[in-house]
Amino acid sequence: MDMRTRVTTALKDAMKSKEADRLSTLRLINAAIKDREIAQRGSDEDAVGDAEVLAILGRMVKQRQESARAYEEGGRLELADKERSEIKVIEDFLPTQLDDDAAEEAVIAAIDEVGASSIRDMGKVMGVLKAKFTGQMDFGKVGPMVKDKLG
């Protein structure tokens, strides 16, 4: 089942079971996907694929993590909790995150795959990782790991 179908099915289920918080988050996901489709109209690719949906969901999680941190610093704990509950709903649709050891193995494999030997090859390595592991790793953490291996 593709990502759009999973989101739509979850949205219908949340409506039926009257889960208001989950429903509002699912509507936000749906709106973000539709925004992306509207932005793509007129280009060669009309449909939003699973990889793009995963990227959208990843951005949504990152935004909410930053918001939760800001709310905590401002003493608004109830808003931070709301952001965290939205993160849990969004993460239901993301593949499981790789742990540090698995991420390091993936980095080493990507370096071997492209034959990277210096920091100049970092873009190639990151491209391979993004193609294979979108939604499964935090590329902000992986970037420095790649630098260490190539540096």
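Structure data summary
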item: Longest exposed-site-free window of the chain, the sites being trypsin sites (Lys or Arg not before Pro) in a DSSP loop that have at most 11 other C-beta atoms within 10 Å; result: 42-151
item: Normalised contact order of segment 55-136, rounded percent, pairs of Cα under 8 Å and 6 or more residues apart; result: 32
item: Radius 10 Å from Cβ of residue 82, net charge of other residues (Lys, Arg +1; Asp, Glu -1); result: -2
item: Computed lengthening from residue 147 to residue 19, 0.36 nm per intervening residue step minus Cα-Cα distance; result: 41.7 nm
item: Sites residue 12 and residue 66 - FRET efficiency at Förster radius 35 Å, r taken between beta-carbons, to 0.05; result: 0.70
item: Over the chain, equivalent-ellipsoid semi-axes from the Cα gyration tensor in Å; result: 31, 21, 14
item: Where GluC sites (Glu not before Pro) fall in DSSP loop in segment 50-151, at most 13 other Cβ within 10 Å; result: none
item: Efficiency of FRET between residue 81 and residue 41 - r from beta-carbon atoms, R0 35 angstrom, step 0.05; result: 0.40
item: Cα centroid of segment 93-143 to Cα centroid of segment 1-46, whole Å; result: 28
item: For segment 1-87: accessible area per residue (Å², 1.4 Å); result: 64
item: Extension reserve of the residue 55-residue 138 stretch, reckoned as 0.36 nm per residue once the Cα distance is removed; result: 28.8 nm
item: Accessible-area composition of the chain, carbon plus sulfur, in percent [1.4 Å probe]; result: 50
item: Cβ-defined net charge surrounding residue 92, 10 Å radius [Lys, Arg +1; Asp, Glu -1]; result: +2
item: Cα gyration tensor shape of segment 72-142, rounded if a/c is under 1.5, else prolate or oblate by comparing a/b with b/c; result: prolate
item: Over the chain, relative contact order from alpha-carbon pairs under 8 Å, at least 6 apart, %; result: 21
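The values are calculated or read from the model by the stated rules, or taken from the named source; none is laboratory data. Only a predicted model underlies this, so the values are computations on that prediction, with no experimental measurement involved. Every residue, glycine among them, receives a Cβ derived from its backbone with ideal geometry; neighbour counts consider all protein chains shown. For accessibility, only protein heavy atoms count, side chains too; no ligands or nucleic acids. Shrake-Rupley method; radii C 1.70, N 1.55, O 1.52, S 1.80 Å.
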